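Chemist: Please see the structure below; I have some questions.
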Amino acid sequence: MAMDLCAVLGTLSGAAGVGGLAAAPDAATAFLRELGCEVERDPLGSVIGCRRCGRDDAPLLMLEAHIDEVGLIVTGVDDGGFVRVSACGGTDRRALIAAEVVVHGDKDYAGVFCSVPPHLSGPDGGGKIPPIPELGIDVGMDARRARRHIRPGDRVSFRPNFRPLAGERVSGKSLDDRAGVAAVLRCLDLLAGEELECDIAAVFAVQEELGCRGSAAAAYRVAPSAAIAVDVSFAHTPDADRARCGVLAGGPMIGWAPGLDDRLTRRLLALAEEAGIPSQNEVMGGDTGTDADSIADARGGVRTALLSIPLRYMHTPAEVVDLRDVENTARLMAEFAKKEGEAL
């Protein structure tokens, strides 16, 4: 029975994964075990699931997506009981005004970011967005009670809000990069029962949003023969530069950049064409800004390719992807594993 991709992505999206939180890695671990993988956690907390082909000398293909998400970290509670925070990753502060969040204190507490009504903001203040440290989160407590339950260093995540939209599109928090995690899981599902000529290590790395740290450590630990990193990239909206964006339902965005392996990239493109899998190109003149960069630099160097799933409204509580892009990314990785495994 095929994996219910929407349900898997919904579970992953709903789990908290701001740097240091374990709910999202725990969810990914459970899915990997359901798929029959041997699973371990490295010292940083990244999840590594292995599928063996049975050959002692088999090459190892690493399929990687990051499991962490943007969010916030508590810096203190002010005398009014409002929780003060700093960004944990590249959180878009434009999305914070009146946003619903979860403060992960001694238990989870619902909260909402403060918002000044336009009636009180004055003629020039309505369009100004304060820096994140100047914003407060209302958790419904006075200062004394809030300080008893919420401490500096506690994490804050967006409230889970995954939901289907019309057609094949879904919206929710942390689809960057739970969509990539879901694609890797679906790839393993598609390969169930297939005889491969390579081992596969599915790596769900922590701390991508904090500088791509987890993927570097995991790639060193796994020592792959080659790697495919899966992330998200910009899907076009009317207010964005079309030349810098992919399109929803256009298929995986195949990355082209100086640090990516040209042979692997061209082979992915050829496999997509042979299998009738829609794809689109994403050209970058320098770093990709993804875990592909840190994987490629690991140990003595790893031949690395990059696939990105088009996503709208990145780093907000309401990101949007098309499930067909997630499925087609999984299909392309499965084709690569079946046809290129022995040659890695």
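The values are calculated or read from the model by the stated rules, or taken from the named source; none is laboratory data. Keep in mind the model is a prediction, meaning the values are calculated, not measured. Neighbour counts run over all protein chains shown; Cβ positions are idealised from the backbone, glycine included. To get the accessible areas, we keep the full protein, side chains included, count just its heavy atoms, and leave off ligands, DNA and RNA. Shrake-Rupley method; radii C 1.70, N 1.55, O 1.52, S 1.80 Å.
Chemist: Are there any helices in the chain, counted as whole DSSP H runs, that stretch 18 Å or more along their axis by Cα and score at least -1.0 on average by Kyte-Doolittle, and if so which?
Modeler: Helix filter hits for the chain: 175-190, 262-275, 323-340.
Chemist: Name the most mobile residue of Pro224, Pro131, Pro164, meaning the one with the largest mean-square fluctuation, in a Gaussian network model of the chain with Cα contacts below 10 Å.
Modeler: Pro131
Chemist: What are the ³J(HN,Hα) values, in whole Hz, obtained from phi via the Karplus relation 6.51 cos²θ - 1.76 cosθ + 1.60 with θ = phi - 60°, for each residue of region 48-54 in sequence order, with x given for Gly and Pro?
Modeler: 10, x, 10, 10, 9, 8, x
Chemist: Rounded to the nearest 500 deg cm²/dmol, what is the calculated helix-only ellipticity per residue at 222 nm for the chain, with -39500 (n - 2.57) per DSSP H run of length n ≥ 4?
Modeler: Theoretical 222 nm ellipticity from helices: -9000 deg cm²/dmol.
Chemist: What does the convex hull of the Cα atoms come to per residue for the chain, in Å³?
Modeler: 144
Chemist: Using alpha carbons only, how many angstrom separate the centre of region 281-339 from the centre of region 218-247?
Modeler: Distance between centres, Cα-based: 3 Å.
Chemist: Here's something else I'd like to know. Compute the label zone of Leu44 within region 188-221: residues whose backbone N is under 12 Å from the point 7 Å along Cα-to-Cβ.
Modeler: 204-221
Chemist: Separate question: What distance in nm separates the two pseudo spin-label positions at Ala7 and Asp239, each 7 Å out from Cα along the beta-carbon direction?
Modeler: So the two model labels end up 3.7 nm from each other.
Chemist: Could you state how much accessible area Glu327 has, in square angstrom rounded to the nearest 10, with a 1.4 Å probe and all protein chains kept in place?
Modeler: 50
Chemist: While we're here: Using Cα-Cα distances under 8 Å and only pairs 6 or more residues apart, what relative contact order does region 214-343 have, in percent?
Modeler: Answer for region 214-343 is 36 percent.
Chemist: Quick one: among Asp262, Asp325, Asp291, which has the greatest mean-square fluctuation in a GNM of the chain with alpha-carbon springs under 10 angstrom?
Modeler: Per the Cα network of the chain with a 10 Å cutoff, Asp262 tops the list.
Chemist: Sort all Cα-Cα distances of region 1-132 into consecutive 5 angstrom bins from zero, then give the percent of pairs in each bin up to the one containing the longest distance.
Modeler: 2, 8, 14, 16, 15, 12, 10, 8, 6, 4, 3, 2, 1, 0, 0
Chemist: Another question, then. Between Ala318, Ala99, Ala16, which gets the highest mean-square fluctuation from a Gaussian network model of the chain, Cα cutoff 10 Å?
Modeler: Ala99
Chemist: Please report, for the Cα atoms of region 143-254, the Rg to one decimal and the Dmax as a whole number; what are they, in angstrom?
Modeler: Rg, Dmax (Cα atoms, Å): 18.7, 61.
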